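Data block below; observations after.
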Amino acid sequence: MFTVALRKWAYNLSGFNKYGLHHDDCYDEDNPDVKEALRRLPAHLLDERNFRIVRAMQLSLQKIVLPKEEWVKFEEVSMI
């Protein structure tokens, strides 16, 4: 119980969810393992990821965040 609460607190504190990003979207693409994982992704998932990243950069440049109802919720993402 405490572990889940702590993970949820850390997830919300990170802030990437306010831009519509998933945790996995924040991995460094120059890392060889990440590069390989991205290569193996189905095209539609890679397109969705790229859309989220571009949208997050645009929102960041404009210094705005998504409306709260559009934030990615802790329960929506699979975290180990």
Within the stretch 47-65, of all residues that are surrounded by 10 or more Cβ atoms within 10 Å (Cβ to Cβ) and over 13 Å from the mean Cα position of the chain (by Cα), the one farthest from GLY15 (Cα to Cα) is ASP47
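Can you pull out the helices (runs of 4 or more DSSP H) entirely within the chain that have at least 1 residues that are touching a residue at least 40 places away in the same chain (Cβ under 8 Å) and of a type in the set (Phe, Trp, Tyr)?
Passing ranges, in order: 2-14.
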Just checking, how many residues over the stretch 7-44 are hydrophobic (A, V, I, L, M, F, W, C) and either farther than 17 Å from GLU75 by Cβ or more than 16 Å from the chain's Cα centre (by Cα) (or both)?
-> 6
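The numbers here are math on the coordinates, done by the rules we state, and not lab data. Since the model is a prediction, treat every value here as computed from it, not as a measurement. Ideal geometry is used to build each Cβ from the backbone, glycine not excepted, and the neighbour counts take in all protein chains shown.
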